[in-house]
Amino acid sequence: MTNATRLRRAMAERGLVHIMATHSPLSAILAEQAGFDGVWASGFELSALYGLPDMSFISMTQHLEMLRAVAGRTSLPIVADVDTGYGNAINVIHTVREYERAGASAIVIEDKSFPKVTSLAVGGHHDLVRIQEFQGKIEAALATRSDPDFLIIARTEALIAGLGEEEALFRARAYERAGADMILIHSKRKDPSEIESFSKAWNGGIPLVIVPNAYPELDTDRIRALGNIRMVIYGNYAIRAAATAMKHTFLRIIADGGVQNVHRDLLPVEDVFQIQGMEKVHSDEQRYLR
């Protein structure tokens, strides 16, 4: 059974899957140990890891390198954030081939123009491509995938662009007609009213995906009550958690004049060895090095 099939079955059996953002094999390992259903190969997180804005500065090659490394260290399905698909429908064909080969179980492709600006940026320009153009990208992706369970998730940024619910619904229906497996609806409102309203108005035949970054109070119980959301992506929490911990730790070391206090609050080195798989390496060393 492929990971793509596992992901589809998990949604069918459990009704809702929880996908944690990742920017490295380390964060993917921790997400798997925590019990998440999959990981989100996040463009935002990788951009932040490089210290760059999420404005299409990270290349497809860089993102694929990260995804391959993640796929090598976790058994979880990987949902890949491919932004606008790195170009037109022809580029999308290449994108799907490469991401499926690299170990992704799904891609999320959005209807913004290239280069894109991260959705939650204040004052960002969020221009959308023509509906027909984006339908062509979806159709190209579907025609290219080799595993029929590989998910093509169409993300509309109509709410992000301030175009309103009717435009978002209109685009989502068009993307469903093009064959998309799921619709990701995104909002930068600080409360979940836009998402809840869209969900209640959505009468399409395919389920929804949400990314509750701006509206964290929309918890699992409220999501399940809406009835048509099957995937929740926690889109930037890994890099924010890492940055929070590093910032706090670094400031404490400077303030204390050393690590004499902070070391007690950090993960022991032995736990890091466990994450790295050092015990297996040591066992192999004893077995093979003579």
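The values are calculated or read from the model by the stated rules, or taken from the named source; none is laboratory data. Everything quoted here is computed from the prediction, not taken from an experiment. Heads up, the Cβs are rebuilt from the backbone with ideal geometry, glycines too, and the neighbour counts pull from every protein chain shown. Accessible surface areas use protein heavy atoms only, side chains included; no ligands, DNA or RNA. Shrake-Rupley method; radii C 1.70, N 1.55, O 1.52, S 1.80 Å.
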Residue within segment 94-109 that is farther than 20 Å from I233 by Cβ and in contact with a strand residue (DSSP E or B) (Cβ under 9 Å, 6 or more places away or on another chain) present: no
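So that you can scan it fast, the table gives a plain yes or no per residue for (1) open to solvent by less than 20 Å² (accessible area, probe 1.4 Å); (2) farther than 19 Å from I210 by Cα:
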| residue | (1), (2) |
| --- | --- |
| R14 | no, no |
| L30 | no, yes |
| Q33 | no, yes |
| F44 | no, no |
| S47 | yes, yes |
| R68 | no, yes |
| P77 | yes, no |
Close pairs from segment 150-164: first buried (at least 24 other Cβ atoms within 10 Å of the Cβ), partner among the hydroxyl-bearing types (S, T, Y), Cβ under 6 Å, at least 6 apart: A154/Y175; I160/S119
Residue in segment 38-53 that is free of Cβ contacts under 8 Å to residues at least 60 places away in the same chain and part of a strand (DSSP E or B) present: yes
Close pairs from segment 169-189: first closer than 8 Å to A154 by Cβ, partner surrounded by fewer than 18 Cβ atoms within 10 Å (Cβ to Cβ) and charged (D, E, K, R), Cβ under 7 Å, at least 6 apart: A178/E139
Residues of segment 101-149 satisfying the condition of being of a type in the set (S, T, Y) and touching a residue at least 40 places away in the same chain (Cβ under 8 Å): S105, T118, S119, T144, S146
Given (1) in contact with a helix residue (DSSP H, G or I) (Cβ under 6 Å, 6 or more places away or on another chain); (2) open to solvent by 50 Å² or more (accessible area, probe 1.4 Å), number of the condition G204 does not satisfy: (2)
Hits in segment 219-241 (condition: open to solvent by less than 70 Å² (accessible area, probe 1.4 Å), farther than 23 Å from S27 by Cβ and of a type outside the set (V, I, T)): L226, G227, N228
Test: K137 is open to solvent by 60 Å² or more (accessible area, probe 1.4 Å) and of a type in the set (K, R): no
